[in-house]
Amino acid sequence: MNIIQLVILAIIEGLTEFLPVSSTGHMVITSSLMGISTDEFVKLFEIVIQLGAILAVVVLYFKRFVRSVDFYVKLVIGVLPAVVFGLLLKKHIDKLLESPLVVAIAFVVGGVILLFVDDWFNKPKVNEEKDINHITALKIGFFQCLAMVPGVSRSAASIVGGMSQKLSRTAAAEFSFFLAVPTMFGATLKDLWDFHKHNTLTGPELNHDIKYLLIGSVIAFIVALLAIKSFITFLEKKGFKLFGYYRIVAGIAIIVLYFTTNALHNA
């Protein structure tokens, strides 16, 4: 991975992390199109820069993070399912991350769901995070686990989960943002630790990897700062249908490209 590829991936992460289109899926597809090998560092990079984007939430919603202890209790409850299933299924998840076809299928299925979600859940009763109870937080946490399949989108899964529990679009989106902070922080720490245990790099090679992780995280953070508020504004006015159409078109295009490329290689 060179510096240009790094910048492209970081920008894509910052733009897509909070949209219901799957940032991981976009990075898997982009990496594949750019011919970046799916080695351990690339996988680590794609996780770490997600944390960079997630930290933008802490900056933009800082007052929410210092308002009450119950806020953190709900986040802990909401993240528990991801911790359990993540530890149990990590090897299987890593294999799925290498498959553009899995991403494409998830794009299409998720896109179809987003076409109808505004109509399915159109009578919200919860408009603010402070009104979310602990049981609801746990249920949203289980929905978030669907995003372990690359292409599903953590944002889409948790927002739809929130709306299914009577949250308004804005409340569901914001709680999805908040839930991402401990989820991605934990995932990043675990991946960094695993990489450290198996990594034998020293000196210039290690410095090179650290530099790439820092640059990618900073770029993703800055882009995410710009993207979050724009997404909330758009969501309040337009809903999810445009994202649904985008996912379906992108998924079909990837499937066609995947089988065309394989056919050419086998010819």
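Data table
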{"read-out": "Kyte-Doolittle mean at least -1.0 and Cα axial length at least 18 Å: DSSP H helices in the chain", "value": "3-16, 40-60, 69-96, 100-120, 169-198, 203-238, 241-266"}
{"read-out": "Label point distance in nm, V58-T233, each placed 7 Å from Cα along Cα→Cβ", "value": "2.6 nm"}
{"read-out": "Longest DSSP-loop-exposure-free segment, trypsin sites (Lys or Arg not before Pro), the chain, at most 15 other Cβ within 10 Å", "value": "126-267"}
{"read-out": "Those residues of the stretch 20-60 whose amide nitrogen sits under 18 Å from the label point placed on L214, 7 Å along Cα→Cβ", "value": "45-46, 48-53"}
{"read-out": "Part-to-part distance (alpha-carbon centres) for the stretch 1-66 and the stretch 151-172, which is given in Å", "value": "20 Å"}
{"read-out": "FRET E, pair I4, L225, Förster distance 25 Å, beta-carbon r, rounded to 0.05", "value": "0.65"}
{"read-out": "Cα-Cα over 30 Å, subset of K139/K241; K63/K237; K123/K229; K211/K238", "value": "K211/K238"}
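FYI, it's all coordinate maths here, none of it is from the lab. Here the structure is a predicted model, which is why all the values come from computation and not from measurement. When we count neighbours, we look across all protein chains shown, and the Cβ atoms used for this are built from the backbone with ideal geometry, even at glycine.
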